[in-house]
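Trainee: Would you mind keeping the following structure in view while I ask a few things?
The values are calculated or read from the model by the stated rules, or taken from the named source; none is laboratory data. Treat the numbers as computed from the prediction; the structure is a model and nothing was measured. No Cβ is skipped: glycine too gets one built from the backbone with ideal geometry, and neighbour counts run over all protein chains shown. The accessibility values were calculated without ligands, DNA or RNA, using every heavy atom of the protein model including side chains. Shrake-Rupley method; radii C 1.70, N 1.55, O 1.52, S 1.80 Å.
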Amino acid sequence: MPTKPHSQDFSGFFTEAARVRDNSPLKSLTKYMNADPTLVSLGAGLPHPDTYPFAQVGAAVAPAGKSIASCSSAELLDVSVTPAASNSIESLSKFLQYGNGRGVPSYSRFAQEHTERVHSPPYADWDVVVSLGNTDAFVKALMLFCDRGDTLIVDEWTYPAIIGTVVPMGIRMAPVRMDSQGMVPEALDQLCAEWSDSAHPLRMAYMIPTAQNPTGATMSLDRKHAIYAVAQRRGLVIIEDDPYYYLQFEAYRPRSEIGDLEERYANLPGISSLVPSLLSIDVDGRVIRLDSFSKVLAPGLRCGWVTAPKYITDKIQFHNETSIQQPAGVSQAIVSKLMNEQWGHDGWERHLVQIQREYAVRRDRFVDLCLQHLKGKVDFTIPDAGMFLWFRVLLNSDMQNKPGAMQEVFDSMIANHVLLVPGYMFSPQGASPEVRDKPYIRAAFSYASMDDFEVAITRLARALEPFTSQVA
Amino acid sequence: MSPDSAKTAMAGQPLAKDLSHLFIPAQRAHQKSPFKAVMGNPTLEMINMAGGMPSPSTFPLVQLQATVRTAGQDGTLSLERTQSSGTTESLDKLLQYNDGRGMDSYCRFLRRFTELAHRPQYADWDVIASCGNTDSIAKAVSLFCQQGDHIIVEQFSFPGALCSLKFANVKPVAVSMDSEGVVPEALDGLCSSWAGATPLRAMYLVPTGQNPTGATMSLERRQAVYAVAQKHDLVIIEDDPYYFLQFGPIPAGQGADATIDEIRQQPLVPSLLSLDTDGRVIRLDSFSKILAPNLRCGWITAPAYMQDRFQILNESTILQPSGLTQGVISRLLNDTWGIEGWNEHLCTLRTAYAARRNLFVKLVSKHLAGLATFTVPTSGMFLWMKIDLGPAAADPTAMPRLLDAMKKCGVMMAPGMPFSVGPVPGHFLRAAFALADTDMFEPALQRLALAIAAIRGSTPLDAPPAMCAEPIEPAAPARIAVNGST
């Protein structure tokens, strides 16, 4: 089998802060401490594990692929981390002691194995480094290539935490037009071609290629190839923020067309039939991929990982070591034990299929109801993945040109006791009156109970009625 | 002001001074996220189609439990999926997205504990959850210092903080220390004569069991430093992870180790927070040394308007610490141990650390007389030695050669350089006495003595390795019982 090529070197684009990030001088002493067992080390300021009051930590977890609603307590797995290390995972005291910015090895190793299975990155020197979730990972990736005065390329509608982070850092955003599949390659290319600030060249593009927040758009593989080609032509590094990657399902079919429900959900992609990621086509090593357990295990675990060329993951490691260190040991312990010893990679896939089913069912029901109740009031692209629906409100001729119309729409929604998010909050162009009047609102179908869907949508219909009905 | 801090405000307590003029410009112009304002909309009958939150029905964890050791006995705590356990939220809530402040039950305990431990003197203080002090340092500094600014630090400081400053392009300005830490007159002189491009607005220090010097500031010293901070309108970042590991002076006449009863009687030196009438102290607390390091959990105490900033910083980075960790800590501290059990645990730690300190100091005095000087630490885990290299002192290669000789002899300590702001004024080693087996203290110090002697020249530098003591096979690891008895 031919060896994979080495990544291209983008370190020439590093910010000054990235350049100076290096190994902590104290952490680099640890290699001496571990090398010689007869050497007595009084070098590290570590507390003694005997002082930790925890003798064991564990969780009761559903068997892989079973929803918690459908399993009995007898079926629950006991995921327990004890003072004794096992073949595949460390002792509890190792999970609870200081480590480095790479995380506890067994957790990191699972992430690496999984990444190889799903994406098989096409260059040799890729690596993973732990993160506390994609928002923190984003900041660390951003700071490698963007500094005050630089500009980050983003989708024309994007994740609000990005906007909220980038603005105080003095980093600007250049929005790129989207269509139903996300960022438009020709628009990206045109932005780069017309960019005239030679003091601050465009270096980095941020995108959410699957079930994009807020538009719900998912890039096809062809689209990803086209975007990647532009990035190659224009010398861009890409942040692939992909927390909804595994929440892929199939195209929507109306309930009336579905016969057997079991058969309907028999072909969920698992991990073998997902739309391939940008990482999987990244021959140059220009993609920094952000993965998170937030939507596929639970957000409160606060753990995930970053995949990138090793010279980049090293920098993120050093940044971790001067900030968060690593994800919480308890989270890593439970996740590592579960993944490495109980679910395994096959069980993890079964779990993902079950999550896909849950979201597919929700998407189908939600879209059924929207088509039924919101006809003529909104336009939307039906999402093939994730949890978001992006409505374009079909304002009537009176409202279309009325300043403040969308604020009235929002007030009407609140008065009708239904909460969706106004589109302007997702705009990198800020909350100017012009942006505030763009007629978009985002719905999430992930959280409300399915019983509440019809109530919510009928309330939304009522709320929109005065603004969308044609004037007589 | 949160409801809890309203309750604890004593009648007649002033509010914090508004120090927002010390914020960097980007922070001064700040607004709360409008997105969060939407999400926080409280109408009861609202159906929330807004939050991009997963449904808890997809979380595969049904229960979390832990075995907790208290005074040598094991007990269990647990967290259930849909119901609160005691004061602690349900697992579903702990596992969900939450805001950047921390779980209510976690913060509630810490508010209560901070009130009891420090009795802040202004009304509108509050706590916020953190991922540990290293992250908190970076966030606190970022409020007051931007690229090119300067910040006052102790002349020897925590390398994690120094690295953080380097990456943020914030320059440390060192103030000299003595055996009690920052010298107030030096601090005053530094501030009075400051001629830098931007003003000095903040100071970072570790007032108790300082890393690396082990110094603990006395009450008088803290009052003096606070007065200088007031005079020059500085914010103080009080990084205090060893605060609750105070154990006081060596027992008179090298007598027996203090018992836990004696330790319980010993008051703690008051914190800078407890002296803070203006609201200029940002106090960083961590569970790293008092529960376990990789819990990645701590808290920040500061005026409420500053906490709003920290919340926003959290929400654009970590969000908050792991819900599992906060849940376990809350269940442990709120429901299992309570304040009394928590104080008992801290006394147990203090007693154990005191015993280690006593033994270590005794052995340092025995083996390093004439070779090193040091101040006895009264808190924490560090002993900082100034090494006398005699005739080799002027040789710039002496320190690397000493480290090399130490490695050959089979002992390792941290050299002074990573801790020093500016060139190291002498030859220093930091010894940490918390982790190594106490059986190995004496061999370690014997080996160090040999290495120092070799560099001083009293033993030939190129003597064969046999000059060093034979590496001693480690004895069966001696357990230092956490309840203080040896």
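Trainee: Suppose we filter A:108, A:7, A:93 for residues that are in a helix (DSSP H, G or I) and touching a Pro at 6+ places or on another chain (Cβ under 8 Å); which single one remains?
Mentor: Only one candidate passes the filter, namely A:93.
Trainee: When the residues of segment A:143-159 are narrowed to those that are open to solvent by 20 Å² or more (accessible area, probe 1.4 Å) and not charged (D, E, K, R), which ends up nearest to residue A:305 (Cα to Cα)?
Mentor: Of everything passing the filter in segment A:143-159, A:143 is nearest to residue A:305 (Cα to Cα).
Trainee: Kindly indicate whether residue B:193 is small (Gly, Ala, Ser) and within 14 Å of chain A (Cβ to nearest Cβ).
Mentor: It is false that residue B:193 is small (Gly, Ala, Ser) and within 14 Å of chain A (Cβ to nearest Cβ).
Trainee: Please give the helices (runs of 4 or more DSSP H) falling wholly within segment B:312-413 in which 3 or more residues are of a type in the set (Val, Ile, Thr) and within 25 Å of the chain's Cα centre (by Cα). Quick ask: steps written out before the conclusion?
Mentor: Details: elements: B:323-330, B:338-367, B:398-409.
Output list reads B:323-330, B:338-367.
Trainee: With segment B:165-283 as the region, which strands (runs of 3 or more DSSP E) entirely inside it contain at least 1 residues that are open to solvent by less than 10 Å² (accessible area, probe 1.4 Å) and touching a Pro at 6+ places or on another chain (Cβ under 7 Å)?
Mentor: Because the criterion is at least 1 residues that are open to solvent by less than 10 Å² (accessible area, probe 1.4 Å) and touching a Pro at 6+ places or on another chain (Cβ under 7 Å), the strands (runs of 3 or more DSSP E) in segment B:165-283 that meet it are B:235-239.
Trainee: Across segment B:373-430, what is the total count of residues that are open to solvent by 60 Å² or more (accessible area, probe 1.4 Å) and of a type in the set (A, V, I, L, M)?
Mentor: The total comes to 2.
Trainee: Which helices (runs of 4 or more DSSP H) does segment A:358-472 wholly contain that include 3 or more residues that are open to solvent by less than 70 Å² (accessible area, probe 1.4 Å)?
Mentor: Correct list: A:405-415, A:450-468.
Trainee: Turning to a different aspect of this structure: Please state which one of A:79, A:40, A:118 is open to solvent by less than 20 Å² (accessible area, probe 1.4 Å), in contact (Cβ under 8 Å) with a residue 60 or more places away in the chain and not small (Gly, Ala, Ser).
Mentor: A:79
Trainee: For residue B:98, all conditions in the list (1) within 11 Å of chain A (Cβ to nearest Cβ); (2) outside any loop (DSSP other than H, G, I, E, B); (3) surrounded by fewer than 22 Cβ atoms within 10 Å (Cβ to Cβ); (4) of a type outside the set (Val, Ile, Thr) hold save one; what is the number of the exception?
Mentor: Of everything listed in (1) within 11 Å of chain A (Cβ to nearest Cβ); (2) outside any loop (DSSP other than H, G, I, E, B); (3) surrounded by fewer than 22 Cβ atoms within 10 Å (Cβ to Cβ); (4) of a type outside the set (Val, Ile, Thr), residue B:98 misses just condition (2).
Trainee: Then there is this: Among what's in segment B:281-296 and is more than 7 Å from chain A (Cβ to nearest Cβ) and not aliphatic (A, V, I, L, M), pick the residue that is nearest to residue B:15 (Cα to Cα).
Mentor: Filtering first and then ranking leaves B:283.
Trainee: To continue, here is another question. Which numbered condition in (1) surrounded by fewer than 23 Cβ atoms within 10 Å (Cβ to Cβ); (2) at the interface with chain B (Cβ under 10 Å from one of its Cβ atoms); (3) not β-branched (Val, Ile, Thr) is the only one that residue A:103 fails?
Mentor: All conditions are met except number (1).
Trainee: Sticking with this structure for a sec: Within segment B:119-141, how many residues turn out to be in a loop (DSSP other than H, G, I, E, B) and more than 10 Å from every other protein chain (Cβ to nearest Cβ)? Steps first, please.
Mentor: So in segment B:119-141, the residues in a loop (DSSP other than H, G, I, E, B) come out as B:119-124, B:131-132.
This time we only want the ones that are more than 10 Å from every other protein chain (Cβ to nearest Cβ), so: B:119-124.
Looking only at that region, the number is 6.
Trainee: I would also like to ask the following. Give just the number: which of (1) free of Cβ contacts under 8 Å to residues at least 40 places away in the same chain; (2) closer than 30 Å to residue B:68 by Cβ; (3) open to solvent by 10 Å² or more (accessible area, probe 1.4 Å) does residue B:294 not satisfy?
Mentor: Evaluating residue B:294 over (1) free of Cβ contacts under 8 Å to residues at least 40 places away in the same chain; (2) closer than 30 Å to residue B:68 by Cβ; (3) open to solvent by 10 Å² or more (accessible area, probe 1.4 Å) leaves (3) as the failure.
Trainee: Among the residues of segment B:146-156, how many are in contact with a Leu (Cβ under 8 Å, 6 or more places away or on another chain) and either open to solvent by less than 30 Å² (accessible area, probe 1.4 Å) or among the β-branched types (Val, Ile, Thr) (or both)? Before the answer, list the steps.
Mentor: Step one: of segment B:146-156, the residues in contact with a Leu (Cβ under 8 Å, 6 or more places away or on another chain) are B:150-154.
Now drop any that are not either open to solvent by less than 30 Å² (accessible area, probe 1.4 Å) or among the β-branched types (Val, Ile, Thr) (or both), which leaves B:151-154.
Number of matching residues: 4.
Trainee: Are any residues in segment A:73-94 closer than 21 Å to residue B:74 by Cβ and touching a Lys or Arg at 6+ places or on another chain (Cβ under 9 Å), and if so, which ones?
Mentor: A:79, A:80, A:81, A:85, A:86
Trainee: Among all residue pairs at least 6 apart or on different chains, which show Cβ distances below 6 Å where the first residue, located in segment A:348-360, is at the interface with chain B (Cβ under 10 Å from one of its Cβ atoms) and touching a residue at least 40 places away in the same chain (Cβ under 8 Å) and the second is open to solvent by less than 30 Å² (accessible area, probe 1.4 Å) and part of a helix (DSSP H, G or I)?
Mentor: A:355/B:58; A:358/B:58
Trainee: Just checking, does segment A:324-334 include any residue being over 28 Å from residue A:105 (Cα atoms), touching a helix residue (DSSP H, G or I) at 6+ places or on another chain (Cβ under 9 Å) and either more than 12 Å from chain B (Cβ to nearest Cβ) or hydrophobic (A, V, I, L, M, F, W, C) (or both)?
Mentor: Keep residues of segment A:324-334 that are over 28 Å from residue A:105 (Cα atoms), which gives none.
No, segment A:324-334 has no match at all.
Trainee: When you scan segment A:309-327, do you find a residue that is in contact with a Cys (Cβ under 7 Å, 6 or more places away or on another chain), assigned to a helix (DSSP H, G or I) and surrounded by 24 or more Cβ atoms within 10 Å (Cβ to Cβ), even just one? If you could, list the steps in order and put the result at the bottom.
Mentor: Within segment A:309-327, the subset in contact with a Cys (Cβ under 7 Å, 6 or more places away or on another chain) is A:322, A:324, A:327.
Among the residues that remain, those that are also assigned to a helix (DSSP H, G or I) are: none.
No, segment A:309-327 contains no residue that is in contact with a Cys (Cβ under 7 Å, 6 or more places away or on another chain), assigned to a helix (DSSP H, G or I) and surrounded by 24 or more Cβ atoms within 10 Å (Cβ to Cβ).
Trainee: So which pairs qualify, if the first residue must be in segment A:331-343 and without any contact (Cβ under 8 Å) to a residue 60 or more places away in the chain, the second must be of a type outside the set (Phe, Trp, Tyr), the Cβ gap must be under 6 Å, and the two must be at least 6 apart or on different chains?
Mentor: Qualifying pairs under 6 Å: A:331/A:301; A:331/A:303; A:331/B:322; A:331/B:324.
Trainee: The conditions are (1) open to solvent by 40 Å² or more (accessible area, probe 1.4 Å); (2) in contact with a helix residue (DSSP H, G or I) (Cβ under 7 Å, 6 or more places away or on another chain); (3) hydroxyl-bearing (Ser, Thr, Tyr), and residue B:106 fails exactly one of them. Which is it?
Mentor: Against the list (1) open to solvent by 40 Å² or more (accessible area, probe 1.4 Å); (2) in contact with a helix residue (DSSP H, G or I) (Cβ under 7 Å, 6 or more places away or on another chain); (3) hydroxyl-bearing (Ser, Thr, Tyr), residue B:106 comes up short only on (1).
Trainee: Something else: For segment A:130-142, does any single residue satisfy the condition of being of a type in the set (S, T, N, Q), open to solvent by less than 30 Å² (accessible area, probe 1.4 Å), more than 23 Å from residue A:384 (Cα to Cα) and assigned to a strand (DSSP E or B)?
Mentor: yes
Trainee: Restricting to segment A:43-65, and then to whatever is crowded, with 18+ Cβ neighbours inside 10 Å and more than 7 Å from chain B (Cβ to nearest Cβ), can you tell me which residue is farthest from residue A:269 (Cα to Cα)? Don't jump to the end; show me each part of the working.
Mentor: Let us first name the residues in segment A:43-65 that are crowded, with 18+ Cβ neighbours inside 10 Å, namely A:43-48, A:51-54, A:57-62, A:64-65.
With the extra rule that they be more than 7 Å from chain B (Cβ to nearest Cβ), the set shrinks to A:64-65.
Numbers: A:64: 16, A:65: 14 Å.
So the residue we want is A:64.
Trainee: Tell me which of these residue B:56 doesn't satisfy, since it passes every other one: (1) under 17 Å from residue B:323 (Cβ atoms); (2) modelled with pLDDT of 95 or more; (3) out of contact with any Pro (no Cβ under 9 Å at 6 or more places or on another chain).
Mentor: So residue B:56 meets the others, but not (2).
Yes or no, residue by residue, for (1) out of contact with any Phe, Trp or Tyr (no Cβ under 9 Å at 6 or more places or on another chain); (2) within 16 Å of residue A:362 (Cα to Cα); (3) within 14 Å of another protein chain (Cβ to nearest Cβ):
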site: A:253; (1), (2), (3): yes, yes, no
site: A:258; (1), (2), (3): yes, yes, no
site: A:274; (1), (2), (3): no, no, no
site: A:300; (1), (2), (3): no, no, yes
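Trainee: Moving on to the next point. Applying the selection to segment A:418-440, what residues are at pLDDT 95 or above and in contact with a Leu (Cβ under 7 Å, 6 or more places away or on another chain)?
Mentor: Selection gives A:439 alone.
Trainee: In addition: Condition test on residue A:166, is it in contact with a Cys (Cβ under 9 Å, 6 or more places away or on another chain) and within 14 Å of chain B (Cβ to nearest Cβ)?
Mentor: Here the answer is yes, as residue A:166 does meet what is asked.
Trainee: Right, another one. In segment B:79-95, how many are closer than 20 Å to residue A:63 by Cβ and open to solvent by 30 Å² or more (accessible area, probe 1.4 Å)?
Mentor: 3
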